[in-house]
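Read-outs throughout are calculated quantities, based only on the coordinates presented, and are distinct from any laboratory measurement. The model shown is predicted, which means the values in this text are computed figures rather than measured ones. Note: ideal-geometry Cβ built from the backbone for every residue, glycine included; neighbour counts use all protein chains shown.
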Amino acid sequence: MTTDHTQEISDLLTKYKSIIIQDLLTNKAVLQSLVEETVIDKNDLEFLLAIDDNENENSLYEKKCQYLIDTISKEGLKCFKKFCYTIESECKVLIAALINDSLNNGKKILSIALKCSLTSRPMFI
C-alpha cells in the first residue's frame, strides 16, 4: 500500500488545503463519488460528513481535510490517480492547481499520474 510517493502526494495536497475544504469537503455529492470510486470508504465518508457542535468549524474542517489527505497519500499513486479522476469535473480549480503545481515544480511522477487519470476517462459520444 505505501509507496515512495506518499510524502510527495501529501505535500502537494497540503498546499491546497483551503481549496480542498472549500470545493470538496462542502460537497456531499463529490464525497459520495469518492466512495463509489473507492478512494475512501463509507467510514471515511461518515467521518468527513460528521458534525461536531463542540468544535470550531474551521478547526473541524482542518482536521477533516488532513484526514482526507492522509488517507489518499498513504494509499499511494493509484489512489491519487483515482482521486484526480473523480474530482475532475466537480473541482476544476483544485485539479488545475494540482496539475500546474506538479508541472511547475518538477514533480514528474505526479504530473504523469494526473495526466493519466484525466486522459483515461471513458469518452461517450
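Couple of notes before you dig in:
- With the Kirkwood sum run over all distinct C-alpha pairs, the stretch 6-119 has a hydrodynamic radius of 14.1 Å.
- The residues neighbouring Asn56, those whose beta-carbon lies less than 12 Å from its own, together hold a net charge of -4 under the Lys/Arg +1, Asp/Glu -1 convention.
- Subset of Lys15/Lys92; Lys15/Lys63; Lys28/Lys78; Lys15/Lys78; Lys28/Lys81 violating a 18 Å alpha-carbon distance limit: Lys28/Lys78; Lys15/Lys78; Lys28/Lys81
- Radius 15 Å from Cβ of Thr38, net charge of other residues (Lys, Arg +1; Asp, Glu -1): 0
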